[in-house]
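The values are calculated or read from the model by the stated rules, or taken from the named source; none is laboratory data. The model shown is predicted, which means the values in this text are computed figures rather than measured ones. Heads up, the Cβs are rebuilt from the backbone with ideal geometry, glycines too, and the neighbour counts pull from every protein chain shown.
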Amino acid sequence: MRFSRLADAPTARALQLEWLQRALEPASEYGRRAFAELSPLRRGEEGAAAARSSRVAELARRLDGSRVEGLRATLRGMPDALQAIAGAAIGGVLTDAEFVEIQRLLDGASRMESLLGDAGDLLPALDDGLRSLGGALECGRTRTGGFYLADDFDRGLSAARARAAEAQREYDAVRERLVLRVAATLGREDLPGDEFVVMRDDLRGPLSAQIRVVREAPTYFLCELELDAATVEALCARDAAAEDVASAEEAVRARLSELVRARARELEVLAGSIGAIDVVVAQVRFAQRYACVAAEIAEEPVVAFQEARFLPLAAELEREGRSYEPISVDLHDVAVLTGPNMGGKSIALRTCGFIATLAAFGIPVPAARARVGLFEEIAWLGIGGEREAGGLLSSFAEEVVRLRDILARSAPRMLVLADEFARTTTPHEGKALVIALVGALRARRRTALLATHLAGIAEATGARHFAVRGMRGVPAAPPRGDLQAALALLAASMDYSIEELAEGGERPADAIALARLLGLDDDLIAAARSALER
Amino acid sequence: MRVGDALLDLARAGGARSLFVVGTGKNVGKTVVVRAVAERAVARGLALGITSLGHDGESADALDAQAKPRLRLAPGTLVATARNVLPRHPASEILDLSDLQTAAGTLLYARVRRPADYELVGPPTASGIRSAVARLFEFGCEQTIVDGAIDRVAALAGGEDAIVVATGASGAASQAEAVETVAALVRRLSLPRYDPSQPFVRVEGALTAALAARFTESAERHQIVVGDPTQIAIAGKAFDRVADRLALRCERPLRVVAATVAPIGREGYFEPRGFARAVAEATGLPTFDVFAAAMVAA
């Protein structure tokens with residue numbers, strides 16, 4: 001998937017698009033090739049995005065899980081035949097392994113046809129030409145499902161092999177007689193191989209004329225068998241017969257390769273269709289596994305969803321046996337998001353980006369309902385998208401340089417997700433910068449969500465104000481040092497849902513309660529509370 | 001006597017379905033040993049599968065272009081080898097293709113239909129060869145032979161498999177050096193299993209000379225346990241010194257069943273009987289000279 005056409009590297013990191021890439025990975029090389037070419041759809045292609053997404057969602061309903069896994073298994077078992085097809089197309093003679101690849105492409109297509117059943121319109125039916133090619137290769141299918149250039153392919157091949165087998169038998173017999181004769185002169189039953197050692201002490205007379213000394217040492221001779229005239233004649237006959245077999249085999253390969261060449265175009269189209277289906281099947285599996293729905297694709301730049309999940313985190317929580325609380329957001333302008341620490345502000349931003357990314361590729365989204373516009377670009381600013389540690393810039397400077405870069409971009413439609421911009425400078429100046437940023441994004445007609453701890457931004461800018469509802473109550477702190485217990489308590493008491501606040505509304509940050517829950521010293525907590533009251 | 005028969009008997013006496021042939025170096029007769037065992041396995045009617053952890057059966061040495069022994073295989077033998085080295089003639093039966101990468105393209109599985117010289121290029125990793133051997137068994141093999149590199153064989157072979165160590169005059173300055181090298185290798189590969197009821201120190205990764213020196217300096221009396229014998233990165237006399245002072249043990253012992261000698265090397269040769277005898281005495285293993293078709297009992 002060409003994520004880079006939609007999100008730059010820091011954004012891809014923040015949205016965990018690598019996870020998404022893995023979750024949508026096709027099963028075959030044909031699919032991987034098509035997958036790599038997948039590009040996001042642009043404004044004006046809303047119809048195509050909606051159609052793609054609806055088709056996947058529809059297939060997710062029609063194909064049950066076992067058929068999807070059957071299709072994936074079939075696709076996994078299909079080796080890549082494109083190189084073989086290309087080789088035949090330019091007149092090359094294929095190898096037997098390449099015939100296996102082509103046979104498995106045709107076999108796989110037939111199996112997929114039956115697995116797709118009433119969804120079979122995805123795959124063009126094998127035409128007579130391809131069926132006849134499959135029939136021609138059928139002679140080579142072995143009992144175990146392998147391939148052999150069998151005698152049945154050609155009477156000439158069968159005859160050449162019979163002659164070669166006879167010549168081999170003749171040579172083996174003549175050579176065996178010679179070996180036994182020579183071994184007898186050495187007082188042995190047999191000779192161990194092409195090269196053998198004869199100890200001088202063991203010699204009862206001169207070496208046989210059929211023994212050639214390769215090397216002489218003080219105690220032994222290293223020898224080879226010297227073939228006699230009859231054996232040389234049998235060897236020549238065997239080699240000539242082997243040459244005939246080679247010619248006959250090559251002639252069969254050439255004939256089969258010509259059949260492949262004649263159908264090269266159809267095979268390429270078939271391989272392309274299988275690649276496309278593989279991509280769709282991976283998306284169907286994704287939609288089934290993560291209960292996704294087709295988003296309504298809007299013409300305006302909006303990201304609105306109900307009960308949506310940021311899947312990389314949901315999967316991680318699932319592995320730990322913890323539950324995930326889906327969220328709902330309706331973003332169509334520049335809005336501000338506030339809420340407590342660990343309340344899921346960053347995840348809300350990521351969910352917006354994740355849903356917008358899937359919609360842009362025409363893939364169903366993990367939500368109960370969604371309405372999403374197509375963006376030319378998604379840009380992440382803030383925590384989670386940073387480069388590797390190091391460099392000359394402070395985190396504030398790096399953030400400013402990135403913002404400068406994002407504001408300079410000319411994409412007509414951009415979704416900007418800013419996570420605690422200016423958090424590392426003074427609250428006073430930070431707030432001023434965020435207020436200015438809201439204005440700058442509005443001036444550029446961006447759709448944006450800005451998560452912040454700074455109070456009064458929405459009020460100062462007139463922006464819509466979303467807030468994470470936060471802690472339902474302050475639970476009793478677990479034993480100090482038990483971080484896992486603290487996190488579990490926190491998750492249980494946190495309401496991660498998002499509400500839109502009326503103008504002037506604020507929600508508590510719960511920072512001191514959180515610090516207590518996470519085990520900070522009681523005296524320090526008391527001092528903080530006292531300072532807050534003052 | 002037939003060396004192939006004797007080696008096969010030794011391997012199968014312990015129930016081994018896989019025989020690994022490892023060498024102390026290049027040109028020490030591994031291919032000749034593999035060929036000898038393969039011939040006899042086929043003669044006994046065993047369904048045989050062969051693969052390699054590297055490159056085996058090539059017609060000439062890649063370094064000096066000198067001719068090498070060919071691996072002529074009989075009909076019915078299964079091979080796991082790279083598709084680019086499968087002989088075009090006579091045709092083999094292709095059983096399956098795989099995604100496993102080798103130095104000569106992806107690996108395939110084939111059945112020999114007519115006698116021919118085969119080159120074996122197998123997967124270079126232990127996991128790759130493990131998967132290839134498992135597949136050969138799935139195809140119905142009753143016996144597999146793996147031409148192996150020592151460092152990877154131990155990660156692969158289990159106590160139920162058999163190992164034959166090949167040594168020879170090639171690459172050794174003297175017979176004494178060749179004997180010392182093979183004896184140290186066999187001692188290392190024959191490391192006994194540790195006793196979990198007794199105190200032990202588990203070494204994560206390799207036991208290096210430096211780490212061994214620390215154990216000897218502190219007069220460590222507990223068992224020093226490595227995963228498998230090849231995780232001891234100390235060879236030759238240095239290994240002997242360490243083995244004398246420390247109770248070296250392993251979690252996954254190997255079963256070395258025989259040694260073979262190739263007394264004639266490129267650069268020199270050793271007196272065959274004396275060499276075989278010296279190897280047998282130093283390793284305690286039945287030792288075979290595949291060129292002389294002779295065996296020296298340990």
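Please state which one of A:Thr357, A:Thr351 is β-branched (Val, Ile, Thr), part of a helix (DSSP H, G or I) and in contact with a Lys or Arg (Cβ under 9 Å, 6 or more places away or on another chain). None of the others qualify; the one that does is A:Thr351. For A:Val197, the conditions (1) within 13 Å of chain B (Cβ to nearest Cβ); (2) out of contact with any helix residue (DSSP H, G or I) (no Cβ under 9 Å at 6 or more places or on another chain) all hold with the exception of (2). Scanning the range A:1-39 for residues that are in contact with a strand residue (DSSP E or B) (Cβ under 9 Å, 6 or more places away or on another chain), assigned to a loop (DSSP other than H, G, I, E, B) and either buried (at least 20 other Cβ atoms within 10 Å of the Cβ) or free of Cβ contacts under 8 Å to residues at least 40 places away in the same chain (or both) gives a single hit, A:Leu6.
Of the residues A:Ala234, A:Ala184, which single one is assigned by TED's automatic domain parsing to the domain that holds A:Arg169 and in contact (Cβ under 8 Å) with a residue 60 or more places away in the chain? Explain how you work it out, then say what you get.
On the way: A:Ala184 fails: in contact (Cβ under 8 Å) with a residue 60 or more places away in the chain.
Going through A:Ala234, A:Ala184 in turn, just one is assigned by TED's automatic domain parsing to the domain that holds A:Arg169 and in contact (Cβ under 8 Å) with a residue 60 or more places away in the chain: A:Ala234.
If you filter the range A:215-230 down to residues that are more than 9 Å from every other protein chain (Cβ to nearest Cβ) and under 59 Å from the mean Cα position of the chain (by Cα), you find that the one that is farthest from A:Glu138 (Cα to Cα) is A:Cys223. Within the range A:200-213, being surrounded by 12 or more Cβ atoms within 10 Å (Cβ to Cβ) and within 12 Å of chain B (Cβ to nearest Cβ) holds for one residue alone: A:Asp202.
The combined condition, being surrounded by 14 or more Cβ atoms within 10 Å (Cβ to Cβ), outside the structural domain of B:Thr167 (by TED's automatic domain parsing), in contact with a helix residue (DSSP H, G or I) (Cβ under 8 Å, 6 or more places away or on another chain) and more than 18 Å from B:Val182 (Cα to Cα), is fulfilled by B:Leu246.
Please specify each residue of the range B:109-128 satisfying the condition of being facing chain A (nearest Cβ under 10 Å) and touching an Asp or Glu at 6+ places or on another chain (Cβ under 7 Å). Outline the logic, then answer.
First, the residues of the range B:109-128 that are facing chain A (nearest Cβ under 10 Å): B:109-111, B:113-116.
Within the range B:109-128, B:Tyr109, B:Ala110, B:Arg111, B:Arg113 qualify.
Take the range A:161-175 and flag every residue that is at the interface with another protein chain (Cβ under 10 Å from one of its Cβ atoms) and small (Gly, Ala, Ser). Listed by number, the residues that qualify are A:Ala164, A:Ala165.
Tell me, yes or no, whether the range B:231-238 has at least one residue that is exposed (fewer than 14 other Cβ atoms within 10 Å of the Cβ), more than 21 Å from the chain's Cα centre (by Cα) and at positive phi. Taking every residue of the range B:231-238 in turn, none turns out to be exposed (fewer than 14 other Cβ atoms within 10 Å of the Cβ), more than 21 Å from the chain's Cα centre (by Cα) and at positive phi. Selection of first residues in the range A:412-426 that are crowded, with 20+ Cβ neighbours inside 10 Å and of second residues that are aromatic (Phe, Trp, Tyr), restricted to Cβ pairs under 7 Å at least 6 apart or on distinct chains, gives the following pairs, ordered by first then second residue: A:Met414/A:Phe375; A:Leu415/A:Phe375; A:Leu417/A:Trp380. The set of residues in the range A:132-160 that are without any contact (Cβ under 8 Å) to a residue 40 or more places away in the chain, surrounded by 14 or more Cβ atoms within 10 Å (Cβ to Cβ) and of a type in the set (D, E, K, R) comprises A:Arg141, A:Asp151.
The residue of the range B:265-275 that is modelled with the highest pLDDT, among those that are surrounded by 23 or more Cβ atoms within 10 Å (Cβ to Cβ) and not in a loop (DSSP other than H, G, I, E, B), is B:Phe275.
Could you check the range A:76-105 and list, in sequence order, the residues that are assigned to a loop (DSSP other than H, G, I, E, B), within 10 Å of another protein chain (Cβ to nearest Cβ) and among the small types (Gly, Ala, Ser)? The one that is assigned to a loop (DSSP other than H, G, I, E, B), within 10 Å of another protein chain (Cβ to nearest Cβ) and among the small types (Gly, Ala, Ser): A:Gly77. Anything in the range B:84-108 that is away from every other protein chain (no Cβ under 11 Å) and of a type in the set (Val, Ile, Thr)? List them, or say none. Hits for the range B:84-108 are B:Val85, B:Thr102.
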